[in-house]
Structures are given as structure tokens and as C-alpha cells.
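Below is one structure, written out as C-alpha cells, with a few remarks after it.
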Amino acid sequence: FCLGLAAIFLAIASPLDPLSDDYLLSAHMVQHILLTLIAPPLVIAGIPPWMVAPVTRRARVWRVWRVLTRPVMAFLLFHLPFALSHVPPFYNLALENHAVHILEHYVYISTAFLAWWVVVAPGREYGQLQSGGRMLYLLVQTLPGQVVGAMIIGAESVLYANYANAPRVWGLAAKTDQEIGGLIMWVAVLTFYLAAAGIVFFRWASGEDRDQRRRYEVSSSRSAPPGTPTL
């Protein structure tokens with residue numbers, strides 16, 4: 001939980017924030033990754049079930065939450081605003097208007113919590129998908145980032161006027177910075193989701209192995225003659 005809060009602090013209260021707002025698209029992409037991919041699953045994973053249980057007893061609130069965190073709904077609520085906000089007119093508006101930019105970040109992080117809930121919720125009774133569903137869900141999550149990243153990389157000119165006119169940092173040309181930002185959106189996001197799916201798979205496989213050993217030990221102890229030691 002504290003690591004999740006630290007990721008939020010790093011994104012919006014460190015030098016990364018002015019660097020991403022005024023100078024580098026690539027820094028902005030790193031900021032978005034912290035707000036949408038790093039912080040939400042860490043915060044959710046740090047919430048114990050006993051803190052969630054009282055919310056489930058508020059029937060109307062819990063019913064709305066369960067609707068918003070259904071896999072398809074959560075996917076759309078997160079990815080549609082995220083993708084649309086990278087269309088040049090909307091992106092430039094957020095860079096030029098600080099209130100819009102703050103609102104954009106609120107939308108990012110709140111919808112990211114919805115999207116991650118089905119993966120990291122405290123248990124099945126709270127809306128966590130089964131292992132196979134979580135792996136499929138995480139694999140599908142890779143697609144929007146690849147599309148947006150490819151569009152940014154493939155653009156023939158600098159898409160965002162603020163970065164085109166910004167003072168250059170570290171000798172990065174605006175077009176080079178844009179391509180790095182697209183690569184971060186494409187490759188880094190893809191790698192993160194694939195790693196998360198791999199963790200779910202190995203935890204599932206480890207659990208299946210433990211269950212199989214437990215069943216074998218129980219069956220062996222039942223079939224063995226009295227006094228026979230079991231391995």
C-alpha cells in the first residue's frame with residue numbers, strides 16, 4: 001500500500017511532473033505508467049479484506065461498484081478515456097490548461113483502479129476473476145497500449161505542439177522524444193502486462209501443484225496399512 005502511494009507521489013510531486021508537463025513526452029508516458037500500472041495494483045493489494053467487508057454491506061454502493069468492475073465495463077472505462085486523451089487536440093488542451101490536466105489524472109487513476117480490481121481484489125467473493133480469466137484479461141489489456149504507441153511512433157511529425165516548442169532537454173529532439181514515448185507506451189506497457197499475466201500463471205500452477213500433493217498425501221494415508229510411515 002505504501003509503495004503504491006509512493007508511486008503516486010513520484011508521479012505528481014517529484015521533478016518528473018514538471019519534466020513531463022513542459023519538456024518531454026517520454027517523461028509524461030513514464031508518469032502515466034506510474035499512475036495507471038504501478039500505483040493501483042499495489043494499493044489494492046495492500047488493502048486487507050476486513051477493510052473491504054464493511055463496504056459490501058452497503059448494498060447500493062457495492063452493487064454499483066460490482067457493475068463498474070465487471071471486466072468489459074472496467075476495460076472500456078479505463079482504456080477509452082486513456083486512448084482519447086492522446087488525440088492531439090485533447091492532449092494539447094490538457095497541457096495548456098492545468099485544471100483539465102488535473103482532471104485527466106483523476107480520471108486515469110480512478111478508472112485504473114476499476115481495471116485492476118478484477119485482478120488484485122482481496123478474493124473471489126469481492127470480484128477477483130479466476131486465474132484463467134485474469135490471464136486472458138491481462139493479455140487483452142496489452143492491445144490498446146500497442147495501438148496508441150504504434151500511432152505515436154508512426155507519426156510523421158511532432159503530434160503535440162507544447163513538446164515541439166519546448167526547450168530541449170538532454171539533447172533529445174522533439175521527434176526522437178516522441179518516438180521514445182511511443183515505445184514506452186508500446187513495449188513497456190506490453191511487458192508489464194505480460195509479466196503480470198506470468199505471475200498469475202505461476203501462482204496458479206504453484207497452487208495446483210500444492211493441491212495435487214495434498215490430495216496424494218491424503219489418499220496415501222488412507223490406503224496405507226496402520227503403522228506404515230507416509231512420506
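The values are calculated or read from the model by the stated rules, or taken from the named source; none is laboratory data. These numbers come from a predicted model, not from an experiment. No Cβ is skipped: glycine too gets one built from the backbone with ideal geometry, and neighbour counts run over all protein chains shown. Just so you know, the surface numbers come from the protein's heavy atoms only, side chains and all, with ligands and any DNA or RNA stripped out. Shrake-Rupley method; radii C 1.70, N 1.55, O 1.52, S 1.80 Å.
With only the Cα atoms considered, region 121-160 has a convex hull volume of 76 Å³ per residue. Highest average first, the peptides 163-170, 56-63, 187-194 ordered by how many other beta carbon atoms sit within 10 Å of their residues are 187-194, 163-170, 56-63. Other residues with beta-carbon under 14 Å from the beta-carbon of residue 163 carry, at +1 per Lys or Arg and -1 per Asp or Glu, a net charge of -3.
For region 1-141, the relative contact order works out to 26 percent when only alpha carbon pairs closer than 8 Å and six or more residues apart are counted.
With the biggest extent put first, the Cα atoms of region 1-147 measure 45, 30, 27 Å across the principal axes. Length available on full extension from residue 55 to residue 83: 0.36 nm per residue minus the Cα-Cα distance, which gives 7.0 nm.
The figure for residue 65 is an accessible area of roughly 70 square angstrom, using a 1.4 Å probe on the protein chains alone.
In summary, the helical segments of the chain meeting the span-like criteria, namely a full DSSP H run, a Cα extent along the axis of 30 angstrom or more and a mean Kyte-Doolittle hydropathy of at least 0.0, are 98-120, 131-154. In plain terms, the bigger the Kirkwood radius, the slower the diffusion; for region 63-182, with that radius from Cα pairs, at 25 °C and 0.890 mPa s, Stokes-Einstein puts D at 152 µm²/s. Label sites at residue 175 and residue 147, each approximated as a point 7 angstrom past Cα along Cα to Cβ, lie 2.7 nm apart. At a Förster radius of 30 Å, what calculated FRET efficiency corresponds to the Cβ-Cβ distance of residue 183 and residue 66, to the nearest 0.05? My answer for the efficiency is 0.25.
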